[in-house]
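*Asks:* Just dropping this structure here.
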Amino acid sequence: MAAEQGSAARMIEVATAEIGTIEGPKDNQTKYGAFTKANFAAWCGSFIMWCANESGVKVPNTVSTLAGADGFKKLKRWYDNDGTNVPEAGDIVYFDFPGDGVDRISHVGLITKVDAKSGICITIEGNTAGNPKGDQRNGGECCKKERGFRKNNSKKLLNGIVGWGRPDYAGTTANPVTPKVAKAPVTDPLVYPGETIDPGESGIHVKTIQEKLGVPKPDGQYGPVTKKAVIAFQKANPKLGDADGVVGPKTWAAILKAK
């Protein structure tokens, strides 16, 4: 018996039935893209839209993954992956994979199971690769994936999760996601801002990093050149942990001491 239309269980049920579907015969050609009128384009977002339609679930238009994330934020149904929030089965999860040359949200999937203790979730994603060494955001297949949502997850999986949106599933309308209250920004350029400094960010702290690492023409914009410099610094200082370009407290303190 099928799960109730409009429920997270139904969304997961529909997505699960699509595992193993491969694009073709042409590049990026799928029934999902045909449904969203975006055929022959990257289709991870179209996959989510198709599953939502089949399940009777309303989600923001996420054919463009950036637009989809913004849509959840406007609905106040968005969680940042900040180390304190924990996703739930049925959440729509958004990725920015480190080191893939695209410093923004560029992939999306559906969470089917969460292990908060291990920091790992199971997802179903369109247009990814079953092989972890394959193209994770343009792999051409619907796959079940194991993803880390914490940097210190038990299997040391790559953590590319930016955050997740929570659709208004049947029976959840009385419990909308409470928007996070923004912290007052730290304005001292030599004081750690309290949150990791990630690629794509901008401001005085990014400029401090650029100046300390000798990035040409420091402009306060954390782009590819700055990321390359941070990763090189982290590799040269292995005690800092993963060389992922993310500036946490330890990397920040070490950069400030750099001559």
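*Asks:* Tally up the residues in region 16-50 that are among the hydrophobic types (A, V, I, L, M, F, W, C), touching a Phe, Trp or Tyr at 6+ places or on another chain (Cβ under 8 Å) and within 23 Å of Lys113 (Cα to Cα), please. Reasoning before the result, please.
*Replies:* The initial filter retains those residues of region 16-50 that are among the hydrophobic types (A, V, I, L, M, F, W, C), namely 17, 19, 22, 34-35, 38, 40-44, 47-50.
Now restrict to residues that are touching a Phe, Trp or Tyr at 6+ places or on another chain (Cβ under 8 Å): 35, 43, 47, 49-50.
With the extra rule that they be within 23 Å of Lys113 (Cα to Cα), the set shrinks to 43, 47, 49-50.
Total satisfying the criteria: 4.
*Asks:* Could I ask something else about it? Considering region 10-57 alone, what residues qualify as being out of contact with any His (no Cβ under 7 Å at 6 or more places or on another chain), touching a residue at least 60 places away in the same chain (Cβ under 8 Å) and not in a loop (DSSP other than H, G, I, E, B)?
*Replies:* Hits for region 10-57 are Met11, Ile12, Ala15, Thr16, Ile22, Tyr32, Gly45, Ser46, Phe47, Ile48, Ala52.
*Asks:* On to the next question. Which of the residues that make up region 3-56 are small (Gly, Ala, Ser) and in contact with a Cys (Cβ under 6 Å, 6 or more places away or on another chain)? Break it down into steps so the answer makes sense when it comes.
*Replies:* Step one: of region 3-56, the residues small (Gly, Ala, Ser) are 3, 6-9, 15, 17, 20, 24, 33-34, 38, 41-42, 45-46, 52, 55-56.
Residue satisfying the conditions is Ala15 alone.
*Asks:* Out of the residues in region 240-256 that are at pLDDT 90 or above and open to solvent by 70 Å² or more (accessible area, probe 1.4 Å), which is nearest to Leu190 (Cα to Cα)?
*Replies:* Pro249
*Asks:* Just checking, does region 38-48 include any residue being open to solvent by less than 50 Å² (accessible area, probe 1.4 Å) and touching a Lys or Arg at 6+ places or on another chain (Cβ under 6 Å)?
*Replies:* Scanning region 38-48 turns up no residue that is open to solvent by less than 50 Å² (accessible area, probe 1.4 Å) and touching a Lys or Arg at 6+ places or on another chain (Cβ under 6 Å).
Here is a yes/no grid of residues against (1) touching a His at 6+ places or on another chain (Cβ under 8 Å); (2) among the hydrophobic types (A, V, I, L, M, F, W, C); (3) surrounded by 18 or more Cβ atoms within 10 Å (Cβ to Cβ); (4) over 17 Å from Phe47 (Cβ atoms):
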position	(1), (2), (3), (4)
Ala67	no, yes, no, no
Ile92	no, yes, yes, no
Thr112	no, no, yes, no
Gly140	no, no, yes, no
Lys151	no, no, yes, yes
Ile161	no, yes, yes, yes
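The values are calculated or read from the model by the stated rules, or taken from the named source; none is laboratory data. Since this is a predicted model, take the numbers as computed values, not measurements. So basically every Cβ, Gly included, is an ideal-geometry build from the backbone, and we count neighbours across all protein chains shown. Please note that ligands, DNA and RNA were not included when accessible areas were found on the heavy atoms of the full protein model with its side chains. Shrake-Rupley method; radii C 1.70, N 1.55, O 1.52, S 1.80 Å.
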